[in-house]
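Accompanying notes for the structure given below.
The values are calculated or read from the model by the stated rules, or taken from the named source; none is laboratory data. Keep in mind the model is a prediction, meaning the values are calculated, not measured. Please note: Cβ atoms are built from the backbone with ideal geometry, for glycine as well, and neighbour counts cover all protein chains shown.
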Amino acid sequence: MYIQCFGACLQGIDGTIVDVEIDISNGLPYFQIVGLPDSSVRESTERVRAAIKNCGAVFPMERITVNLAPADIRKEGASFDLAIAVGILTASGQLSPEKLGRCLLIGELSLDGSLRPVHGVLSMVDAAKRAGVTDVVLPAENVEEASLIEGMRIVGIDNVKRLLEQNGASLFNDINISCGLQHAPFLSDGVAATVEDFVDVCGQHQAKRALTIAAAGMHNFLFVGPPGSGKTMLVRRLPSILPPLSDEESLEVTKVYSAAGQIRNRAMLIRERPFRNPHHTISTGGLVGAGSVPKPGEVSLAHRGVLFLDEMPEFPRSVLEVLRQPIEDRRVTIGRARAVFTFPSHFMLAATMNPCPCGYWGFSSSNASCTCSSVKVRQYRSKMSGPLLDRIDMHVEVPRIEYDAMKRTGVNVSSAELRETVARALRRQSERYAGSGIRFNGELTGRMLREHCRLQPEGEKLLAGSFEALGLSVRAHDRVLKIARTIADLDECDRIGTPHVAEALQYRCLDRNAHPDK
């Protein structure tokens with residue numbers, strides 16, 4: 001007998017609906033799965049066989065062929081176990097074909113017939129909705145995650161025995177349609193992350209201004225300064241002024257974390273922007289994704305959020321260079337022998353560095369002076385290539401704070417105040433780019449950049465002179481324009497003025513100090 005049902009797997013972070021076809025025919029007992037299954041799918045033959053027997057059902061002692069279609073897509077993971085088991089029970093007459101109807105079946109089976117949760121359920125259910133499948137049966141632990149997709153009828157079961165005990169009744173008789181789009185703060189280790197406030201930071205007004213600009217336009221930035229100047233402390237407060245994720249962005253981010261198996265609260269979408277801070281010993285694969293079937297790397301886990309590289313020159317140059325494509329294209333494409341995988345990677349790059357190996361070049365004082373030769377300084381900075389630095393919008397100096405400034409009493413600007421300033425700039429951008437698919441100034445390219453970043457004659461003259469004096473590339477020229485556009489939005493100006501261009505040019509300190517000499 002032949003039967004067909006629906007399963008699903010992941011391709012990158014996107015779900016793919018797979019037709020699970022089961023044919024039971026006369027012949028010597030044999031159980032085979034075809035359709036490019038990986039080892040975890042092939043091993044489901046033993047899990048399904050034991051699960052069916054231990055649930056009190058009869059495993060057919062005939063020739064069983066399972067085809068996973070389309071056959072040209074590599075299938076991986078244990079999510080097909082439930083679909084294969086239900087298909088065999090239905091094809092052998094032990095389960096009514098009308099009982100489940102046209103529904104998606106997802107789940108990994110234990111040998112006793114109980115179901116284990118699987119990763120990537122959010123993407124799989126979303127793919128089912130786009131394919132017109134509205135009924136889903138999956139492990140009970142995945143129900144809350146699957147219910148985040150609107151308009152789906154979700155049934156969670158703990159054991160295959162429940163299907164056999166229904167006596168022909170539909171599982172979906174008393175199921176409400178899911179409402180979807182519940183929100184929760186981003187969880188990094190099981191609890192809500194504590195957010196540090198800028199009100200605790202004394203001085204460093206230029207750095208705070210740069211962070212406000214970066215948050216308002218989602219611009220990449222690099223802090224350069226001596227040890228102990230507060231670079232890391234400032235960056236760690238950046239999440240406190242970032243705008244919340246939109247509904248569409250929340251779904252994108254949650255799908256990435258679902259595919260990576262890093263969702264802590266399955267009942268709600270991630271609402272706060274991710275903040276990823278990998279150690280400098282990370283490998284290339286850990287940064288962009290690795291494996292025969294790649295999983296999301298740090299650049300994808302930072303999607304719609306911040307990727308923070310503390311002490312950037314300490315990262316291997318080979319690791320840093322792989323950031324070029326994600327920064328420019330906002331996605332990562334990983335080619336393997338069997339398939340090409342694409343992961344989203346639209347993130348803000350935040351980085352810090354010392355100006356030289358000892359940390360004091362250009363920031364020497366009576367108590368601490370630079371001991372590095374110009375050759376050592378060049379070697380240290382050469383760990384970051386020119387093309388990579390060119391893709392960073394702002395290079396900002398963070399000098400050492402003097403004792404008097406540190407002890408000076410007064411009211412420091414709070415994160416709440418900066419967040420409101422950022423929100424006003426974002427409202428201007430939202431109105432300007434309505435219907436264009438662009439939300440932030442940092443996303444401007446080509447025609448839209450020229451249209452929305454027109455300069456007055458004085459500003460054009462200033463930028464032209466700086467272009468030649470600093471030796472800016474065309475890419476750096478465009479990034480200065482985008483920074484100037486964000487500064488104008490923060491000042492609530494429709495036109496980009498000369499002061500906005502002048503301030504934007506100030507945030508290119510590595511262009512001014514491109515050739516350090518002792």
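Could you figure out which of (1) modelled with pLDDT of 95 or more; (2) within 18 Å of the chain's Cα centre (by Cα) isn't true of Gly297? Here Gly297 clears every test but (1). Within the range 394-408, not a single residue is of a type in the set (A, V, I, L, M), farther than 19 Å from Met312 by Cβ, part of a helix (DSSP H, G or I) and at pLDDT 90 or above. Quickly run through the range 251-284 and pick out the residues that are within 21 Å of Ala140 (Cα to Cα) and in a loop (DSSP other than H, G, I, E, B). The answer is Ala260, Gly261, Gln262, Ile263, Arg264, Asn265, Arg266, Ala267, Met268. A residue that is among the polar types (S, T, N, Q), assigned to a loop (DSSP other than H, G, I, E, B) and free of Cβ contacts under 8 Å to residues at least 60 places away in the same chain can be found somewhere in the range 427-437. Taking the criterion of being closer than 17 Å to Ser123 by Cβ, buried (at least 24 other Cβ atoms within 10 Å of the Cβ) and not hydrophobic (A, V, I, L, M, F, W, C), the residues of the range 73-93 that qualify are Lys75, Ser79. Scanning the range 107-129 for residues that are in a strand (DSSP E or B) and among the small types (Gly, Ala, Ser) yields a single hit, Ser114. Scanning the range 133-169 for residues that are aliphatic (A, V, I, L, M), closer than 22 Å to Phe59 by Cα and part of a strand (DSSP E or B) gives Val137, Leu138, Ile157.
Just wondering, is there one or more residues in the range 319-341 that are among the charged types (D, E, K, R), more than 30 Å from Ala216 (Cβ to Cβ), assigned by TED's automatic domain parsing to the domain that holds Phe275 and under 29 Å from the mean Cα position of the chain (by Cα)? Checked the range 319-341: at least one residue is among the charged types (D, E, K, R), more than 30 Å from Ala216 (Cβ to Cβ), assigned by TED's automatic domain parsing to the domain that holds Phe275 and under 29 Å from the mean Cα position of the chain (by Cα).
To keep it simple, each residue is scored yes or no on (1) over 23 Å from Leu426 (Cα atoms); (2) in the same structural domain as Pro243 (by TED's automatic domain parsing); (3) modelled with pLDDT of 95 or more; (4) loosely packed, with under 15 Cβ neighbours inside 10 Å.
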{"site": "Gly446", "(1), (2), (3), (4)": "no, no, no, yes"}
{"site": "Glu458", "(1), (2), (3), (4)": "yes, no, no, yes"}
{"site": "Gly465", "(1), (2), (3), (4)": "yes, no, no, yes"}
{"site": "Val474", "(1), (2), (3), (4)": "yes, no, no, yes"}
{"site": "Lys482", "(1), (2), (3), (4)": "no, no, yes, no"}
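State whether one or more residues within the range 94-109 are buried (at least 23 other Cβ atoms within 10 Å of the Cβ), modelled with pLDDT of 95 or more and charged (D, E, K, R). No; the residues of the range 94-109 include none that is buried (at least 23 other Cβ atoms within 10 Å of the Cβ), modelled with pLDDT of 95 or more and charged (D, E, K, R). Only one of the numbered conditions (1) outside any loop (DSSP other than H, G, I, E, B); (2) closer than 15 Å to Gly7 by Cα is not met by Leu89, and that is (2). Checked against (1) in contact with a helix residue (DSSP H, G or I) (Cβ under 7 Å, 6 or more places away or on another chain); (2) modelled with pLDDT of 90 or more, Lys383 meets all criteria but (2).
Just one of (1) free of Cβ contacts under 8 Å to residues at least 12 places away in the same chain; (2) over 26 Å from the mean Cα position of the chain (by Cα); (3) farther than 30 Å from Gly203 by Cα; (4) surrounded by 12 or more Cβ atoms within 10 Å (Cβ to Cβ) fails for Arg454. It is (1). Give the residues of the range 11-53 that are more than 30 Å from Arg331 (Cα to Cα), in a loop (DSSP other than H, G, I, E, B) and among the aliphatic types (A, V, I, L, M), sorted by residue number. Across the range 11-53, the qualifying residue is only Leu28. Annotation: Leu104 fulfils all but one of (1) in a helix (DSSP H, G or I); (2) over 24 Å from the mean Cα position of the chain (by Cα); (3) among the aliphatic types (A, V, I, L, M); the unmet one is (1).
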